[in-house]
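Reading through the structure tokens given below for one structure.
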Amino acid sequence: MSVHPISFCIPDCKIVHEIPKKTKVVSSLIPGNLSTYIYDNETDYYNEYRQSMFAITTKKGGWDCMRHYEILANGCIPYFPNIEDCPENTMVFLPKELLEEGNRLFEKLHRKKINELSEEDQNQYMELIQRLLHHTREYLTTTKMAEYVLNKSNNTNAKSILFLSGDNLDPDYLRCLLLNGFKTVFGKKCHDFPKIRHLYKDETTIDYQKLYGKGISYSNILEQDLHDDDLDSTVEKDIETHKYDIIIYGSCHRGMPYYSMIEKYYQPDEVILLCGEDQDSYKLNNRYYSKDVHDCEYGCYADRGHSVFIRELM
């Protein structure tokens, strides 16, 4: 198999159905300015973007950032300086040309107040945000990304999935979002082990607001009945009997349990690896930060015939 780019995405349920009414031109939330980080819940945070025509976003540890998708999902245009410098194989699903168009429109409008916008200004804005929102629904949802993984790995006929979460169950955006997508598509036929409890609703042991990013956009979404607790105790047996059509490592850098067993009972093309690390982490750990992916830590798995999906792929 081979190495493929992948990006963050947004749960389908988080996307607005229509463009919200705008009350200001630019959001007050400024990346890097902690004094503007005043929202401690998803509703207020989302409403800030919904009432804004534009919101500033930037590269963080990697180019791909959850904020890009949250802005788009709430019917707001991201202002993304220097997006033209983004590597070709990173953020491949974001409509970079449309975002560059948004940058130009921002430069034209950001000094105006909402009541100073001309009819032409408003028409330009509405035309562009409609296109961006359509793209978000078509390409940037968790279900669309799950379908992409199956398509690229030649597993579109799969009916059941074992989604192995690794050793560290703290939030990992890519793993959490893709599991949301697979659960939405497959329901209980996608079994996550160990259970990532913060993804599920009403977990009494989880303080969702103490999660990374206050749990916004990825936690407390899935229904409890989407996890079959009985299957937790039979994971090894079910691998040996090939109960699942495919195995997905949701966060391969956080551990690949049962790999030697899986190699024995599964064909290489039935195993998928996801890596959602930032570029800075690759550079620090000498990981997947190279144009020649086979020189890097996970390249050997692609050489073995597995499909490997890398978020910050050069």
The chain: angle of helix 96-109 to the longest principal axis, Cα-based, in degrees nearest 10: 20
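Quick check on the exposure proxy: order Arg50, Arg197, Arg104, Arg311 from fewest to most C-beta atoms within 10 angstrom.
Least crowded to most crowded, the residues run Arg104, Arg197, Arg50, Arg311.
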Neighbour-count ranking [beta-carbon atoms within 10 angstrom, fewest first] of Ile206, Ile246: Ile206, Ile246
For the chain, what's the radius of gyration and Dmax over Cα atoms, in angstrom? 20.3, 67
Principal axis extents for region 7-134, Cα atoms only, whole Å, descending order, please. 38, 32, 29
Treating the angle as unsigned and between 0 and 90°, give the value, to the nearest 10°, between the Cα long axis of helix 173-186 and the longest Cα principal axis of the chain. 70
Rounded to the nearest whole Å³, what is the per residue volume of the convex hull around the Cα atoms of region 1-74? 119
Which lysines, on any chain, are close to Lys113 with Cα under 18 Å apart, when same-chain ones fewer than 8 places away are left out? Lys21, Lys22, Lys24
Kirkwood hydrodynamic radius of region 143-310 from all distinct Cα pairs, in Å? 16.4
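Every number in this text was worked out from the coordinates using simple rules, so none of it is lab data. Owing to the predicted nature of the structure, the values given are computational and were not obtained by experimental measurement. A quick note on method: Cβ atoms are made from the backbone with ideal geometry, for glycine too, and the neighbour counts reach across all protein chains shown.
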